[in-house]
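Each remark here refers to the structure printed beneath this line.
The values are calculated or read from the model by the stated rules, or taken from the named source; none is laboratory data. Model, not experiment: these values are computed from the prediction. For neighbour counting, all protein chains shown are included, and Cβ atoms are generated from backbone atoms with ideal geometry for every residue, glycine included.
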Amino acid sequence: MTSGPKLLFADPKGRVMEHPYLIATLRSGEDLVPPQDRPIPLPAAGRLVHLPGRLPVGLNPDTGELELVREMKVGGKSFVPNAVGALLPPGYTRTFLPGEVKGDGPILPQWAYTAAAWGKDGPVAWAIHTDTRSHWDPERYSTPEMRALVEEHTARFPGNRVLKQLKTCALLYRCFTSQNTFYVRDEAAIPASVMCNARCVGCISDQPEDGPPASHERMDDGPSGEEMGVIGLYHLERAGGRTMVSFGQGCEGEPLTRYKAIAEAIRYMRERTDKGSININTNASLTHGLAALFDSGLDAVRVSLNSAVKELYEAYYKPVKYTWEDVEASIALARERGGYLALNLLLFPGVTDREGEVQALERLVRKYQVDQVQTRSLCIDPIQYLEVAREKGAGGEPVGIRELLKRLKAARPGLIIGNFARGLDERANAAGPA
C-alpha cells in the first residue's frame, strides 16, 4: 500500500477539496510521477489555485496505479474537476509541477504553477526555501500608505515617464521592485524600453492573439536618459537597505535596445553620487551596448536564460538578430569588466534539470566564475513550455531541482544561490575582473 499527501481538486467555482483516497502525483517534464523528494507546508503568503481545463491525476494507494479523475460527485452533484496547484511567494523555488493533463480548456495564465497536496496538517507544496532574506517579505508591500507614496513621488517629478509606468506597476500589478521606488528602499525599478529583440514564448508583457493574456502591459513611451537619471539619483542618495537601481524589469522590452539613453542615465547618476549599485536585467543580446553601459558606470548585470544550450535557448527566446553566442559573449564581457555577474535562471522541473542541461549550466558557471544564480520558476503554462522544449536542448534523465542547485554550487565555490539581488556589501564572493 502506498501512502502520501492527498490529491487536491477544485469544483467549477474554484473551491478546493481533497480527494477521499487518491494520493497526489507530480509532473516532471513530460512524466507524471508518484510523490517524492519532500514537500513543505504551503508558505503563509502562498496560495492554492485551480487550473481550469486541466484534469487532476492521482495515485491509487492500493494498486499503485495512476488514475485520471474525469468526474467527481460532491453533495449529490457531479462535475468535471479541475487540477490544483500552488503559487509561491518570493524566496521559494518549485521542485515539481502539478500532476495534471490537459482537458478542454484555454492556455493557462502566466504563473509558476507548483505541485501541491493536502498533508496531515494542511496544504503542502513541492518547493525549496532558496532565499530567507526578509526584506522581500510580502507583508512589507502594498501597505495602506502605498497610494499616497505614489502620489507624493509623482508630484515630486511631474510628467516623468518612468514614474508614469511605475505607478501602474506598483498599484495595479503590485510589483515589489516598482513599489520599492516609492518606498525609497532596496532595489528599485527603472523601466527604459518599449522595444524588444526577442519573442519569448512566456513573455509577460507581449503575447500573440492565440497566446494567454499578458500579465503586464508594456510601457509605451520610452523615457529620456535624464528622466531615468533623476529617478535613479533620488533613490541612490536616499534609499535605505540594499540600495540599488535596476534597468530591465518585466513591464518593458529589452533595455539594451536603448543602451544609449541608459548610458546617459548612468552618467547622470554617477556624476552626482557614488552611492549604491546600478544593475541591468537583460537578455545580454547586444554586447557592444553592454560595454557602453560598463563604460558609463554600470556595476552589476543579471542575464536571463532558460538554458545554456543554444538550441533550447533559442527555441524559447526566439531571438531577433542575435544568437546564443552573443549572450555568451556578453557574459564573458561582464566577467572581463569586473561586474557582479548573476544569472536569472528560468527553472522548469523536468527540463532545466535534465542531465545534459545541468552539465551545460555547470560549464557556464565554472567558465565565467558566475557570482550568483537567481532561481526563477518560469511563469508559463506547463504544457506550453513542454511543447517548446520537446526534443530540444541537451537530453538525459532529470536529476531533480534540488540536485541541480547542489551541483551548481559545487561548480563554483562561493556561488550564491538565491532569488534576490545582492547589494554592494553582500558581494564578498564576487569574482571581479577576469
Take VAL358 and decide whether it is of a type in the set (A, V, I, L, M, F, W, C), under 30 Å from PRO109 (Cα atoms) and in contact with a helix residue (DSSP H, G or I) (Cβ under 6 Å, 6 or more places away or on another chain). yes
request  = Return a yes/no flag: does segment 271-282 have any residue that is assigned by TED's automatic domain parsing to the domain that holds TYR368 and part of a helix (DSSP H, G or I).
outcome  = no
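In segment 132-139, is there at least one residue being farther than 19 Å from GLY418 by Cα and not assigned by TED's automatic domain parsing to the domain that holds THR95? Talk me through it step by step, then tell me what you get.
Taking segment 132-139 and keeping what is farther than 19 Å from GLY418 by Cα, we get 139.
Add one more test, that the residue is not assigned by TED's automatic domain parsing to the domain that holds THR95, and what stays is 139.
Scanning segment 132-139 turns up at least one residue that is farther than 19 Å from GLY418 by Cα and not assigned by TED's automatic domain parsing to the domain that holds THR95.
Restricting the search to segment 295-326, which residues are among the basic types (Lys, Arg), within 19 Å of THR257 (Cα to Cα) and within 21 Å of the chain's Cα centre (by Cα)? Working first, answer last.
Filtering segment 295-326 for residues among the basic types (Lys, Arg) gives 302, 310, 318, 321.
Restricting the remaining residues to those that are within 19 Å of THR257 (Cα to Cα) gives 302, 318, 321.
ARG302, LYS318 - these are the residues of segment 295-326 that are among the basic types (Lys, Arg), within 19 Å of THR257 (Cα to Cα) and within 21 Å of the chain's Cα centre (by Cα).
Which of the residues that make up segment 159-182 are in a loop (DSSP other than H, G, I, E, B) and without any contact (Cβ under 8 Å) to a residue 60 or more places away in the chain? Step through it out loud before you land on a result.
So in segment 159-182, the residues in a loop (DSSP other than H, G, I, E, B) come out as 159-160, 172-175.
Within segment 159-182, GLY159, LEU172, ARG174 qualify.
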Among the residues in segment 295-312, are any touching a Leu at 6+ places or on another chain (Cβ under 7 Å), more than 14 Å from GLU254 (Cα to Cα) and part of a helix (DSSP H, G or I)? no
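Answer yes or no as to whether ASN82 is in contact with a strand residue (DSSP E or B) (Cβ under 7 Å, 6 or more places away or on another chain), under 16 Å from THR114 (Cβ atoms), polar (S, T, N, Q) and not assigned by TED's automatic domain parsing to the domain that holds THR352.
Taking the combined requirement at face value, the residue satisfies it.
Going residue by residue through segment 297-306, is there one that turns out to be at positive phi, in contact with a strand residue (DSSP E or B) (Cβ under 9 Å, 6 or more places away or on another chain), surrounded by fewer than 23 Cβ atoms within 10 Å (Cβ to Cβ) and modelled with pLDDT of 95 or more? Reasoning before the result, please.
The first filter runs over segment 297-306 and keeps only residues at positive phi, leaving 297.
Going one step further and asking which of them are in contact with a strand residue (DSSP E or B) (Cβ under 9 Å, 6 or more places away or on another chain), we end up with 297.
With surrounded by fewer than 23 Cβ atoms within 10 Å (Cβ to Cβ) added as a condition, the list becomes 297.
From what's left, modelled with pLDDT of 95 or more: 297.
Yes, some residue in segment 297-306 is at positive phi, in contact with a strand residue (DSSP E or B) (Cβ under 9 Å, 6 or more places away or on another chain), surrounded by fewer than 23 Cβ atoms within 10 Å (Cβ to Cβ) and modelled with pLDDT of 95 or more.
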Within segment 1-56, residues within 22 Å of ILE107 (Cβ to Cβ) and basic (Lys, Arg) come out as LYS13, ARG27, ARG47, ARG54
Residue pairs qualifying under the 7 Å Cβ cut-off, at least six apart or on distinct chains, with the first in segment 380-408 being part of a helix (DSSP H, G or I) and the second being modelled with pLDDT under 95 and polar (S, T, N, Q), are none
